[in-house]
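The values are calculated or read from the model by the stated rules, or taken from the named source; none is laboratory data. Given the structure is predicted, the values throughout are model-derived calculations rather than measurements. In this analysis, Cβ positions are derived from the backbone assuming ideal geometry, glycine residues included, and neighbour counts consider all displayed protein chains. With ligands, DNA and RNA removed, areas are computed over all heavy atoms of the protein, side chains included. Shrake-Rupley method; radii C 1.70, N 1.55, O 1.52, S 1.80 Å.
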Amino acid sequence: MDAFVIEGGRRLDGTLRVNGSKNAALPQLAAALLTDQPLTLRDVPELADIRNMMKLLGELGCSCVRDDDGIHVRSEDESQVYARYDVVRTMRAGICVLGPILARRGRARVSMPGGCAIGDRPVDIHLRGLEALGATITLENGDIVAEAPGGRLRGATIFLGGPFGPTVLGTANVMSAATLAAGTTVIESAACEPEIADLAKLLCSMGAKISGAGTPRITIIGVDELSGAEHQIIPDRIEAGTFLCAAAITNSDLKVTNCPIDALLAAVDRLARIGVHVDVEDQSDPYRATCRVYAERSLRPVEISTQPHPGFPTDLQAQFMALLTLADGNSVITERIFPERFLHVPELSRMGAKLLRQGATVVVSGVRELVGAPVMASDLRASAGLVLAAMAAKGTTVINRVYHLDRGYERLEERLRGVGASIERLDTSEAQEITAPMITVKPIGEPAHA
Ligand code: EPU
């Protein structure tokens, strides 16, 4: 296991390029199961979750190769319908193979994903949607066993909202499955995230008939077959938002390229209120803009509520909390998508942040400075929040278990080092040598410099 050792207090300078989106790429890789023709996806980030999805597709009878041009997938053995627990448990997005296998192969067996650090994350709405398309679904030994009567799903009108709003991967699953269903499907209360619109773009280039993707009502006219396609994945709006926060928290002046500014308007609105300027320098493609980001000397506190897109994204909540620990006053952050997604709170507190959590709300009282400490990465975005805090903190921070971070950010330490951050990747035992003196507790009464 690896750890990051970060010396805080360095100003950043230079350019960061945003990579392709992990969360867009995962359901698009699964879409290869909808056809026996080859699919090429470009700009797919090199991440553990992507490797796991490629492994899963391999077990489902696909050839799956990455080269300089992108990832090439082709479904070759359509008799394989089982997504095993051992693979699905490593990556919750494994659930997005369910709709495509069922739609094309007529039956599917997909291990039910287990719990997750950020909450329960049930898949009941995915199953409700597929049942509305005519599937019979049972649960056997922890596996979802689904069958399309007569081998083909049929179109339906489906309300896909849940207690916390629409579901992103649920929408991806049902929309993908409906492309091959007999008749027309209308998904009401669909997720509007850019990753859904990008999936629909890929599916349309494979021959699907989809309209309304990116809005709450998506209409899909089923077709008999889909073909192969080539597609470039959209840039990662969460990585872009993380880079904007990195510039702000280190009081730096950075350029961010390949920035999907159009997908980040809620975050940019909050940044403006905090006192962080995002100047768009080239917006000829608003999904691949060039932005300059710099902050005022003193940061203002704000209120943030996470919401489904186009609201403020839950995947940027931890990074903004890190930023607001240094604002001049009290901020209030409410998490409305994953009410338990606060694993970063106790770790930021170890670095001197003043945080008071009440249920799904955290009051962040700004402090003058954060102080380096040994901390633990817990989930992907919580880890990103800790990296940001560490870059601003006084002294050394050791972040353990950065494999969480590696699931969503490709070579983050190298890229941040390229713009001037002091950040090293060590293995945990090497990092412990740094941590040990930091956590030595002196017996009470012993003079500090004995
Ligand atoms: N929900 C249900 N039932 C369901 C599905 C979801 O109650 O069947 C609830 C969830 O528990 C949650 C809310 O609905 O409270 C929204 O969950 P959603 O289904 O939209 O989440 P997801 O599709 O599983 C994706 C991203 C997450 C991101 C969320 C919300 C991928 C691979 N994952 O998850 O990304 O936080 O949408 O935007 O696309 C991350 O990248 O760090 C990450 C966790």
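Just a few scattered comments:
- Of all residues in region 296-318 being of a type outside the set (G, A, S) and within 17 Å of G9 (Cα to Cα), the one that is farthest from the chain's Cα centre (by Cα): R297
- Qualifying residue in region 380-389 (condition: touching a residue at least 40 places away in the same chain (Cβ under 8 Å) and of a type in the set (V, I, T)): yes
- Scanning region 90-102 for residues that are within 14 Å of N23 (Cβ to Cβ) and either away from the ligand (no atom under 13 Å from the Cβ) or in contact with an Asp or Glu (Cβ under 8 Å, 6 or more places away or on another chain) (or both) yields M91, A93.
- The set of residues in region 267-286 being touching a residue at least 40 places away in the same chain (Cβ under 8 Å) and either touching a Gly at 6+ places or on another chain (Cβ under 8 Å) or open to solvent by 60 Å² or more (accessible area, probe 1.4 Å) (or both) consists of A267 alone.
- All positions within region 139-157 that are under 29 Å from the mean Cα position of the chain (by Cα) and open to solvent by less than 80 Å² (accessible area, probe 1.4 Å): G142, D143, I144, V145, A146
- Of all residues in region 75-89, those satisfying the criterion of being within 16 Å of the ligand (Cβ to nearest atom) and touching an Asp or Glu at 6+ places or on another chain (Cβ under 8 Å) are A83, V87.
- Extreme residue, nearest to A172 (Cα to Cα), among residues of region 103-131 that are assigned to a helix (DSSP H, G or I) and away from the ligand (no atom under 16 Å from the Cβ): A103
- Residues that are outside any helix (DSSP H, G or I) and within 16 Å of the ligand (Cβ to nearest atom) were ranked within region 10-45; the one that is nearest to A393 (Cα to Cα) is V18.
- Residue within region 108-127 that is more than 26 Å from the chain's Cα centre (by Cα), surrounded by fewer than 16 Cβ atoms within 10 Å (Cβ to Cβ) and not small (G, A, S) present: no
- Residue identified as touching a Gly at 6+ places or on another chain (Cβ under 8 Å), modelled with pLDDT of 95 or more, open to solvent by less than 50 Å² (accessible area, probe 1.4 Å) and farther than 28 Å from T428 by Cβ among G61, G14, G70: G14
Residue-by-condition table, conditions (1) among the β-branched types (V, I, T); (2) within 16 Å of the ligand (Cβ to nearest atom):
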residue	(1), (2)
S189	no, yes
M206	no, no
G212	no, no
R217	no, no
I220	yes, no
D236	no, yes
V256	yes, no
L265	no, yes
V280	yes, no
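- Selection status of V371, in contact with a Lys or Arg (Cβ under 6 Å, 6 or more places away or on another chain) and open to solvent by 10 Å² or more (accessible area, probe 1.4 Å): yes
- Just so you know, in region 290-306 the residues that are of a type in the set (A, V, I, L, M, F, W, C) and assigned to a loop (DSSP other than H, G, I, E, B) include one that is farthest from R341 (Cα to Cα), and it is L299.
- Neighbours by Cβ (under 8 Å, 6+ apart or cross-chain): first from region 153-172, in contact (Cβ under 8 Å) with a residue 60 or more places away in the chain; second assigned to a helix (DSSP H, G or I) and β-branched (V, I, T): V168/I196; L169/I95; A172/I196
- Residues of region 219-244 satisfying the condition of being part of a strand (DSSP E or B), open to solvent by less than 20 Å² (accessible area, probe 1.4 Å) and within 20 Å of G99 (Cα to Cα): I220, A229
- Of residues in region 158-179 being hydrophobic (A, V, I, L, M, F, W, C) and open to solvent by 80 Å² or more (accessible area, probe 1.4 Å), the one farthest from Y85 (Cα to Cα): F159
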